[in-house]
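Each remark here refers to the structure printed beneath this line.
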Amino acid sequence: MAGFDNKPLRFVLQAFNYTVFMALIWYFATSPSINIIADDQAVITIAFSHAGQLREPCRRLSQEELNKLPPNMRKLDDCQRERSPVTIEALLDDQPFYSAALPPPGLFGDGGVDVFHKAKVPAGEHRLSLKMNDSVRIEGFNHQLEQQVTIDHAQILLVGFEANRGFVLSGGEK
Amino acid sequence: MIVNPVKRVYLALESWFNLSFGTEWNPLYHLGTLSFFLFWVILISGIYLFIPFHGSVAGAHASVEYMTHEQWYAAGIMRSLHRYASDAVVITVLLHMFKEFASGRYRGFRWFSWVTGVPNLWMLVTLGITGYWLVWDELAQYIAVGSAQLMDALPIFSGAMTRNFVSGGMTDRFFILIEFLHLLGQPLILVFMLWLHVTRLSNVNINPPRGLAMGTFFALLALSLYQPALSHAPASLDRVPLELHIDWFYLNVYPLLEIWPAQQVWILTTSVTLLLMALPWLLPKKDGAKAVVDLEHCNGCGLCFEDCPFDAITVQARTDGARYEHEVVVNPSLCGACGICAGSCPASNPFRSARETLKTGIDMPQLPVDEMRRLVRETVAAMPGDIKILVFGCEHGLNVDRLEREGTRGLRLICSGMLPPTLVEYALKLGADGVMVTGCRQNDCFYRFGNSWTRLRFAGERKPSLRTRAERERIRIHGAADPDLRSIEADLAEFRQHLLELNRAAASGATGTE
């Protein structure tokens, strides 16, 4: 099937086709737009990496045991590699918004745990409670933080953890 | 009769574009080459943009803003061309896939091109994603966090990627890695994948008709001037972007992350990809018998090698001790069983050995040239009417049985390209008043070049060509698909009238002319 013999009409049709093509590109290159956060919401992101404590305590070797070892391998302590899971609980105004028990990764269960959780919460002032247990040898939570925070609309409050400082908050007003 | 509704939609679209652009410029016939052309636009504009672009977290956004607003007349237009050509290529690639699927050109011997084509789409999408990343605005931030979430859902990263973005921020080192991926790594992989995609084709053309290329370019330029590409506000990792104008051609997966876990997004995208790749086996169609070489009648001229659309024929040194230098060999796994090679073989001459079986150098077991000659002979002999028109058709164009009436008979070939020009002369010599050759719509041959080679052979521009002494005014070519019945019937009626006048003129001793 050939096109019209009428050249001007063909050019008009071609112009129409190009216009439709460009209109498609123009529209879908930017539209429809999306809103990923509602007008009254903020975000709390819990993101850190932490290795749980060793599952078994290290055992001090006796002199006899040390003597049996080659001189270059005489470490005073014998430590198993496996680590404890990390259990975490996060509450906002006493309402839990995240809780997880994360097993240590790795073939021998000796890796650090990567924690990542993003929660959309109402913007404003809240009481934030963070609890973590990183040892099977301790009952309950051995790391805790309870703090009053103010988070603006669309603001991200970042919860981190450092072994020597415990929970660390950044962003938002504390 | 069309039973495939997807094909019906495609043919309607094709008819519309044929009306607007003609068969030479119909964009649906040049989707692959149009995509290549758009890649050139992207490449050249990209190289231009790379010069003023500042490849660091702190400088990227400002440099893009400078290009967009301060230098809108040069770098700004280049940026818009870069973006819109990238969007256009997604459309042409998707249409290309749709066309190949609708017309059944994805299975059988074509499985390789289909399977290697599907990942190209994803490669293209990831190339676009890293491009958006480089602007380092709120949209880039959204992509960065979303991509990290997707990566983290894989067992390799397990949470480390996203944590980096939210707690450590974006580092220059990582930014340069993305820059390297976008500028060099991904394009090189894409070029390799494109090569793989077309490796089973011969006579690969990567340039669209000049008119179509110019039309597309000026349309993109007009859009770039009317609606320049803009950025969002600079990225700020301590705030969630409020309103995002996302490019749905490239970033359509990311909004899913707001409603689904990343694992589910992976399952969806992987399933769709695997499903697409498996289509040749989920909806299989067996290829016809492959071409067979008869060395006794092959002189190694190589015409079949030149005409084969699928690179299935190779020429090698003679192995049978005959006096010729070369012979041809068919690779059955590449052969499309179209028969174009049989049509190109000079030995497929029906005037040879009229009383014996006609043997040719390369032939199709399901419809040998000898069988074609027998069918022509019997059909012409049995045809009633004052004006006898023999219509050769193909398996993928209009069904020529629908044209049958008094004085008109159809013969279906595998492809119109398997018709040796001498067979048309043979039909005329046997008493046919005229021969019409139909087949797929012009420039849309199911076997790529069947109808193009036929036209060139009949015009004397490609070997084996129709001899000069053949009565060309009694031969007509009209490519047609099933919906074109009315137009081909009208042409047939006009052809009949023309033949009638020729016969009258011949009877009165005058020379018949158009």
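The values are calculated or read from the model by the stated rules, or taken from the named source; none is laboratory data. In this text, all values refer to a predicted model and were calculated from it rather than measured experimentally. Here the Cβ positions follow ideal geometry from the backbone for every residue, glycine too, while neighbour counts run over all protein chains shown. Heads up: the accessible areas ignore ligands, DNA and RNA and are worked out on the full protein's heavy atoms, side chains in. Shrake-Rupley method; radii C 1.70, N 1.55, O 1.52, S 1.80 Å.
Observations on the model:
- Checking B:G385, B:G339, B:G361, B:G321 one by one, the residue that is at positive phi and modelled with pLDDT of 95 or more is B:G339 and no other.
- When restricted to residues that are within 23 Å of B:L221 (Cβ to Cβ), more than 11 Å from chain A (Cβ to nearest Cβ) and open to solvent by 50 Å² or more (accessible area, probe 1.4 Å), segment B:6-42 contains 2.
- Residue within segment B:48-66 that is buried (at least 19 other Cβ atoms within 10 Å of the Cβ) and closer than 19 Å to B:L225 by Cβ present: yes
- Selection within segment B:467-490 - out of contact with any Lys or Arg (no Cβ under 6 Å at 6 or more places or on another chain) and in a loop (DSSP other than H, G, I, E, B): B:R467, B:T468, B:R469, B:A470, B:E471, B:H478, B:A480
- Within segment B:415-444, the residues that satisfy the criterion of being away from chain A (no Cβ under 14 Å) and either part of a loop (DSSP other than H, G, I, E, B) or open to solvent by 10 Å² or more (accessible area, probe 1.4 Å) (or both) are B:C415, B:L419, B:P420, B:T422, B:E425, B:Y426, B:L428, B:K429, B:L430, B:G431, B:A432, B:D433.
- Filter pass, A:I25 being surrounded by 11 or more Cβ atoms within 10 Å (Cβ to Cβ) and farther than 30 Å from B:L28 by Cα: no
- For segment B:80-96, the criterion of being open to solvent by 20 Å² or more (accessible area, probe 1.4 Å) and more than 14 Å from chain A (Cβ to nearest Cβ) is satisfied by at least one residue.
- Selected residue [under 30 Å from B:V240 (Cα atoms), in contact with a Pro (Cβ under 6 Å, 6 or more places away or on another chain) and without any contact (Cβ under 8 Å) to a residue 40 or more places away in the chain] from B:M67, B:M151: B:M67
- Single residue of B:P228, B:P255, B:P241 found to be closer than 27 Å to A:D40 by Cβ, buried (at least 16 other Cβ atoms within 10 Å of the Cβ) and touching a helix residue (DSSP H, G or I) at 6+ places or on another chain (Cβ under 6 Å): B:P241
- Of the strands (runs of 3 or more DSSP E) lying entirely inside segment A:60-159, those carrying at least 3 residues that are under 15 Å from the mean Cα position of the chain (by Cα) are A:86-92, A:95-102, A:113-122.
- Residues being over 20 Å from B:D307 (Cα atoms), out of contact with any Gly (no Cβ under 8 Å at 6 or more places or on another chain) and open to solvent by 10 Å² or more (accessible area, probe 1.4 Å) - total across segment B:331-382: 15
- Unique residue being open to solvent by less than 60 Å² (accessible area, probe 1.4 Å) and out of contact with any Leu (no Cβ under 7 Å at 6 or more places or on another chain) when the list is B:L223, B:L274, B:L282: B:L223
- Among the candidates B:W136, B:W111, B:W72, residue that is aromatic (F, W, Y), open to solvent by 30 Å² or more (accessible area, probe 1.4 Å), in contact (Cβ under 8 Å) with a residue 60 or more places away in the chain and farther than 27 Å from B:D311 by Cα: B:W72
- Scope segment B:139-157; condition assigned to a helix (DSSP H, G or I), open to solvent by 20 Å² or more (accessible area, probe 1.4 Å), within 11 Å of chain A (Cβ to nearest Cβ) and among the hydrophobic types (A, V, I, L, M, F, W, C); matching residues: B:V145
Matching residues to (1) in contact (Cβ under 8 Å) with a residue 40 or more places away in the chain; (2) out of contact with any Cys (no Cβ under 6 Å at 6 or more places or on another chain); (3) within 14 Å of chain A (Cβ to nearest Cβ); (4) assigned to a helix (DSSP H, G or I):
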position	(1), (2), (3), (4)
B:L201	yes, yes, no, no
B:N205	yes, yes, no, no
B:I246	yes, yes, yes, no
B:W260	no, yes, yes, no
B:I267	no, yes, no, yes
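- Selection from segment B:383-409 of residues that are within 30 Å of B:D287 (Cα to Cα) and open to solvent by 10 Å² or more (accessible area, probe 1.4 Å): B:E395, B:H396, B:N399, B:D401, B:R402, B:E404, B:R409
- Candidates are the residues of segment A:1-47 that are among the hydrophobic types (A, V, I, L, M, F, W, C), outside any helix (DSSP H, G or I) and at the interface with chain B (Cβ under 7 Å from one of its Cβ atoms); the one that is farthest from B:L94 (Cα to Cα) is A:A47.
- Residue match in segment B:226-236 (condition: in a helix (DSSP H, G or I) and within 14 Å of another protein chain (Cβ to nearest Cβ)): yes
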